[in-house]
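Notes follow once the structure below has been shown.
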Amino acid sequence: MDCCLLESRLIEHCAPTLAGMKAAGLFNYFYQEKQVILNELDMVNEMLNQRGVYVEALLWRSDSVLIYTYRLKHLQDELYYPGVMELLGQYGYTCCEAKSCIHHLKERLYNYECFPHEIGVFLGYPLEDVKGFIENKGKNCKSCGLWKVYCNEGEKQKLFEKFKRCTKVYMQVFDEGRRLTQMTVLT
């Protein structure tokens, strides 16, 4: 089975995660048959899990699935960052074990009308920007990039440029024939 489309989308949306620069990435993936995408996810995980990267479906819809790509160790470290579990505790997260938190995030995605804005924590966004987004209801940001910036705008713009360059290079070398496993940094 060929996973080229899924691999291409992973690189397009998650190159900084594959490169070990960011904890996680998220993208919507359209499909025709659910079993086909489940098989593709299994194949991609077989390739990437040994490199510390996991890819899973967070939310299924009739013709698309929200794909979450993450580095388990990196995510776990981010959950231990001061203030993160305090914020997540406000939304019913009861422990700081990454797999348990992902499970609770999935439940929130399925059971609530509003998109759970704490998801920024799971994507490796800076805590001050996640809090700023929640407190300001997505308004009054200083700038926008991969996320809405509420603090340290110049620093975040440099980070966005770094992620953009990473994605451009990853897409180029993938188009030239490099395999996903070759492009996924072992951390």
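Where a number appears in this text, it was derived from the coordinates with a stated rule and is not lab data. Not measured: the values here are computed from a predicted model. All Cβ positions, glycine included, derive from the backbone under ideal geometry; neighbour counts span all protein chains shown.
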| field | Residue under evaluation Lys73, criteria (1) in contact (Cβ under 8 Å) with a residue 40 or more places away in the chain; (2) over 10 Å from the mean Cα position of the chain (by Cα); (3) over 24 Å from Glu107 (Cβ atoms); (4) in a helix (DSSP H, G or I), criterion not met | value | (3)
| note | Scanning segment 107-133 for residues that are outside any loop (DSSP other than H, G, I, E, B), buried (at least 17 other Cβ atoms within 10 Å of the Cβ) and in contact with a Leu (Cβ under 8 Å, 6 or more places away or on another chain) gives Ile119, Val121, Phe122, Leu127, Val130, Lys131
| Qualifying residue in segment 100-112 (condition: closer than 17 Å to Leu58 by Cα and acidic (Asp, Glu)) | yes
| Are there any pairs, at least 6 apart or on different chains, whose C-beta atoms fall under 6 Å, with the first in segment 32-44 and in contact (Cβ under 8 Å) with a residue 40 or more places away in the chain and the second outside any helix (DSSP H, G or I) and crowded, with 16+ Cβ neighbours inside 10 Å, and if so, which? | Met43/Cys3; Val44/Cys3; Val44/Val55
| Any hit, segment 72-93, residues being polar (S, T, N, Q) and out of contact with any helix residue (DSSP H, G or I) (no Cβ under 7 Å at 6 or more places or on another chain) | yes
